[in-house]
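What follows is a set of notes on a single structure, which appears directly below.
Just so it is clear, none of the values below were taken in a lab; they were calculated from the coordinates. Since the model is a prediction, treat every value here as computed from it, not as a measurement. When we count neighbours, we look across all protein chains shown, and the Cβ atoms used for this are built from the backbone with ideal geometry, even at glycine.
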């Protein structure tokens, strides 16, 4: 029963949602509308579970003073603090705005800005024309890097942007389409396996 | 250690300093470079430009401060264009850490262009699980958003009168740094058949050229360069145009570093072979 019931629920939900896509009847449309509302309600509980899991995970780390437990205190304090401040007052709560504008925003922007430095350093160290494939990759990267900034057109008389457009519109699209089709077929096959109860890993190991 | 071996081992702190200088110097000198507009950006501009005044477009914005350097100028340029042309904008905020940022950005451009909340633009606020929300918005925006970001009923907003779902809008233009781009394509565009265009980070743009060629995506504004192109189209040089000279110099510096590394690598490899 512990296994059959979730499989039955999965099959019924998947079957209805698949069929409704192909049947343009009002009753199926209503079913689709109801399922959308249900999905949002289930999603809310999934968020609660996620928060609970996050708190328990960090609480364990703090309780048993596991490696880097001090960062868990920061995570828990951040979660509790932002939640509390967000719940008090309206969306324009000045404390919430201050925390957002002067703590969260600079932290995120700084983290991403650092990428430019690390990418430069990594490109200098790792981008070597060791093999034919690596050389092609290297040349393509240089062409796109220069073709996608104004100075590339300026120094090459429009050659780099032209080459970059060719690379993006032909080899890139061809490879990407093949990947998308492969992923699509894989996803359809996996969905079918889940629907028919062949793939059960989503139920956990119990 | 030979000269060529040395140039393959430049200390990373020197690399960092050179990159920092490549950012700071063009910023101070304000070098203006000509910006060539690409067809994919021009297409987004044309779609909006050809809409009659009073048309409504949906703008889901899914990014946070980490990618704001690329996407904020894009949002600013598109909003300026829309407000100038009297195009109404429905903003959706699907990324939790970006909600406050995007709300502030809408406010800033609305104030600058004299746009009024509820009449010229509306913010639908944050909802988790974008795929589900996108699907329910296809039935009725009020299903997922009975109220706007500020808690006002959608029916009480003048702009939303007669706007039920995507059928009452002319375009969905997502400014996005997440997989939400795919959700809008799969669960929105393919099911409800709306016109769809993207504003994405430069690193994401290459992923969506296949959809551009198939016609599922009508235009792409890619990265800071795309934003700069849009700024030049609306004749309002701002953050992206300023960033173009910086990005150009940094790209040149990175290419130079790659060339130096390779010259050093091949020269020192040749010498090692000679020694053997």
For a quick check, take a GNM of chain B with Cα springs below 10 Å and name the residue from B:229, B:112, B:170 with the largest mean-square fluctuation.
B:112
Nearest 10 degrees is fine. How inclined is helix B:12-29 to the longest principal axis of chain B, computing both from alpha carbons?
60
From Cα coordinates alone, what are the radius of gyration and Dmax values for region B:1-145 in angstrom?
21.2, 71
Against the 2.2 N^0.38 Å scaling, with N counting residues, where does region A:1-86 land? I'd like the Cα-based Rg ratio to two decimal places.
1.70
Computed label-point distance, nm, for sites residue B:190 and residue A:109 using a 7 Å Cα→Cβ extension
3.8
Check: C-alpha center region A:102-117 vs C-alpha center region B:1-80, spacing in Å is 16
Taking Cα atoms only, helix B:223-233 is inclined relative to the longest principal axis of chain B by an angle, in degrees rounded to 10, of 60
How much length would be gained if the chain were fully extended between residue A:46 and residue A:134, taking 0.36 nm per residue of separation minus their Cα-Cα distance, in nm to one decimal?
27.3 nm
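Round to the nearest 0.05 the FRET efficiency obtained for residue B:111 and residue A:76 when R0 = 30 Å and r is the Cβ-Cβ distance.
0.20
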Helix B:99-113: angle to the longest alpha-carbon principal axis of chain B, degrees 0 to 90, nearest 10?
80
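List the relative contact order of chain A as a percent without decimals, with contacts defined as Cα pairs under 8 Å and 6+ residues apart.
Working: 77 pairs, mean separation 37.1, N = 206.
It comes to 18 percent, rounded to a whole number.
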Rounded to whole Å, sorted largest first: equivalent-ellipsoid semi-axes of region A:37-77, Cα gyration tensor:
28, 8, 5
Pseudo-spin-label distance residue B:27 to residue B:269, built 7 Å along Cα→Cβ, given in nm, is 3.7
Calculate for chain A the 222 nm mean residue ellipticity that helices alone would give, adding -39,500 (n - 2.57) per DSSP H run of length 4 or more and normalising by residue count, nearest 500 deg cm²/dmol.
-27000 deg cm²/dmol
First measure r as the distance between the Cβ atoms of residue A:198 and residue B:6, then evaluate 1/(1 + (r/R0)^6) with R0 = 45 Å and state the FRET efficiency to the nearest 0.05.
0.15
Among B:23, B:99, B:89, whose mean-square fluctuation peaks in a Gaussian network model of chain B (Cα, cutoff 10 Å)?
B:23
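Could you tell me how many cubic angstrom of Cα convex hull volume chain B has per residue?
On the way: hull volume 43.6 nm³, N = 276.
Taking the convex hull of the Cα positions in chain B, it is 158 Å³ per residue.
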Taking the Cα of residue B:14, stepping 7 Å toward and past its beta carbon, and measuring to each backbone N in region B:252-272: which are under 18 Å?
B:253-269
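Between residue B:156 and residue B:37, what FRET efficiency follows from the Cβ-Cβ distance if R0 is 45 Å, with the result rounded to 0.05?
Calculated value: 0.65.
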So the compactness index of chain A, its C-alpha Rg divided by 2.2 N^0.38 Å, takes the value 1.55
Cα-based Rg and Dmax for the protein assembly as shown, in Å, come out at 25.3, 83
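If the chain between residue A:125 and residue A:97 were fully stretched, how many nm would it gain, using 0.36 nm times the residue separation less the Cα-Cα distance? List each step's numbers first, then the result.
On the way: separation 28, 0.36 × 28 = 10.08 nm, distance 4.14 nm.
Stretched fully, the residue A:125-residue A:97 segment lengthens by 5.9 nm.
Please work out how much length the chain gains when fully extended from residue A:191 to residue A:177, using 0.36 nm per residue of separation minus the C-alpha to C-alpha distance, in nm with one decimal. Write out the running numbers ahead of the final one.
Working: separation 14, 0.36 × 14 = 5.04 nm, distance 2.07 nm.
Separation in residues times 0.36 nm, less the Cα-Cα distance, equals 3.0 nm.
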